[in-house]
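Throughout, read-outs are computed from the coordinates displayed, never taken from laboratory work. Computed from a predicted model, the values in this text were never measured in an experiment. Cβ atoms come from the backbone with ideal geometry, glycine included; neighbour counts cover every protein chain shown.
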Amino acid sequence: MATRFARLTPEEFPDRIGALAAVLADVVAHGASVGFRDPFGPDDAAAWWRTREAAVRDGTLQVWVAFVQEAVVGTVSVSVESKPNGRHRAEVLKLMVHSGARGRGLGRALLTAAERAAAEAGATLLLLDTATGSPAERLYATAGWTRYGIVPRYATDPAGALEDCSFFYKELTR
């Protein structure tokens, strides 16, 4: 099946909240440390995505999705810095692939889309963080990102266990 990648427009975003929520709830249910704790379900995930709507509308948050047919199977966001001294940087957030769609290279493709979008928005420096030892950490390391530190016990996983967090950057060339 062909996969399509697209940035959600502010007009499309509200109609995709349910699908984005399904991906978020799935990754949390499968143990991903993306900022949420159990119990956490689709309603919680949809409520969180709704809080992102204003940022999508004003352009400070870009949300990219991977579609298989018309089903959303993955997502990544790019937060563009609005402070005058930081307009050269952006942050990659919430790279998630539904458990049923993993192993097809979607994470790497979404990361590439995020990097490209950030460069097109004028960013020359990207930042992100992830749980140390996670599959995501391996993805970033093999995609040319540089780990610049680990903070011990930075956040909890969905079950509440403290986890170390790895911080990465990538310089983009114009």
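Protection proxy ranking, highest mean first, for peptides 56-68, 137-149: 56-68, 137-149, where packing is the per-residue count of other beta-carbon atoms within 10 Å, averaged. Largest GNM mean-square fluctuation among PRO84, PRO135, PRO14, using the chain with Cα springs under 10 Å: PRO84.
Sparse packing (at most 15 other Cβ atoms within 10 Å of the Cβ) combined with a DSSP loop state is found for the following GluC sites (Glu not before Pro) in segment 1-99: GLU11, GLU12, GLU70.
Along the axis of the charge dipole computed for the chain (Cβ charges of +1 for Lys and Arg, -1 for Asp and Glu, origin at the Cα centre), the listed residues GLY59, ALA159, LEU127 are led at the positive end by LEU127.
This structure gives Rg/Rh (Cα atoms, Kirkwood Rh), computed directly, and of (1) 0.94; (2) 0.99; (3) 1.12 that value is listed as (1).
Summing +1 for each Lys or Arg and -1 for each Asp or Glu among the other residues whose beta-carbon sits under 15 angstrom from that of TYR169 gives -3.
Net length available on complete extension from GLU171 to ARG104 is 21.5 nm, with 0.36 nm assigned per residue and the Cα-Cα distance removed.
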